[in-house]
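Step one of this worksheet: look at the structure below.
The values are calculated or read from the model by the stated rules, or taken from the named source; none is laboratory data. The shown structure was predicted, so the numbers you read here are calculated from the model rather than taken from an experiment. Every residue, glycine among them, receives a Cβ derived from its backbone with ideal geometry; neighbour counts consider all protein chains shown. Accessible surface areas use protein heavy atoms only, side chains included; no ligands, DNA or RNA. Shrake-Rupley method; radii C 1.70, N 1.55, O 1.52, S 1.80 Å.
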Amino acid sequence: MPNLYDTAPAFDEPIAVIRHCHERIRKQLTTLDKLVNYLPDRGVDESVQSAAKAVLKYFDKAAPLHHQDEEVDLLPALRATAQGDDARQLEQTTATILRHHKEMERLWQTLRAQLEALEDGSGYDLSAADVEDFSALYREHMALEEGQIAPLAIRVLSEQQMRELGASMQERRGIVPAT
């Protein structure tokens, strides 16, 4: 019988873990879209509060870890390894990624306040424009990483660099490697 749960790849495949994180982000963005459409007709109920709580948890905990994976480990490893045209393209892409991270954090703080109010029942609105801005930026960001950074990493990082990247990602999450 196939697995009913969406299992994450092992950390010995760090680029696959990053892609898996992107899929989880897409699911949270879909939840945000559903909330925007659900609220006007149905208002705040237990399902809204539960969905708001799940989105808050993801973007407060998992998303920052994902950004650290990129900023602290992946991008520096690529900068140390990429050469020629790859290195020139990487510098432009890195600047964009870091700019995106800052803007996503700013947009998140606005959404976060709205979601907290939904979760605790003190608020009843979720701005469609705020959700759209946040979602659009995240989708653009993930497309850039999947289209340029992931293929570059697979092409230029050594097995040892991949192991180190995966180990750092695992450690960042407090996961003890299986022995």
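Out of Leu56, Leu65, Leu29, which single residue is under 19 Å from the mean Cα position of the chain (by Cα) and over 18 Å from Asp130 (Cα atoms)?
Answer to the selection: Leu65.
I'd like the residue in segment 33-72 that is basic (Lys, Arg) and either farther than 28 Å from His101 by Cβ or in contact with a helix residue (DSSP H, G or I) (Cβ under 6 Å, 6 or more places away or on another chain) (or both) and, out of all such residues, is least open to solvent (accessible area, probe 1.4 Å).
The extreme case among them is Lys53.
Output the residue which, of all residues in segment 76-90 that are in contact with a helix residue (DSSP H, G or I) (Cβ under 8 Å, 6 or more places away or on another chain) and in a helix (DSSP H, G or I), is most open to solvent (accessible area, probe 1.4 Å).
Arg79
Just the residues that are outside any helix (DSSP H, G or I) and either open to solvent by 60 Å² or more (accessible area, probe 1.4 Å) or without any contact (Cβ under 8 Å) to a residue 40 or more places away in the chain (or both), please, taken from segment 100-122.
Correct list: Ser122 only.
As an exercise: evaluate Pro40 against (1) at pLDDT below 95; (2) under 25 Å from Pro9 (Cα atoms) and give the number of the one condition it does not meet.
That leaves (2) as the condition not met.
Check whether at least one residue in segment 7-30 is open to solvent by less than 50 Å² (accessible area, probe 1.4 Å), more than 23 Å from Thr96 (Cα to Cα) and either part of a loop (DSSP other than H, G, I, E, B) or of a type in the set (D, E, K, R) (or both), and report yes or no.
Within segment 7-30 (the criterion being open to solvent by less than 50 Å² (accessible area, probe 1.4 Å), more than 23 Å from Thr96 (Cα to Cα) and either part of a loop (DSSP other than H, G, I, E, B) or of a type in the set (D, E, K, R) (or both)), the answer is yes, since at least one residue qualifies.
Could you please give the count of residues in segment 128-179 that are surrounded by fewer than 17 Cβ atoms within 10 Å (Cβ to Cβ) and touching a Ser or Thr at 6+ places or on another chain (Cβ under 7 Å)?
Selection size over segment 128-179: 1.
Given the condition among the β-branched types (Val, Ile, Thr) and without any contact (Cβ under 8 Å) to a residue 60 or more places away in the chain, answer yes or no: does some residue in segment 68-88 qualify?
No, there is no match, as no residue in segment 68-88 is among the β-branched types (Val, Ile, Thr) and without any contact (Cβ under 8 Å) to a residue 60 or more places away in the chain.
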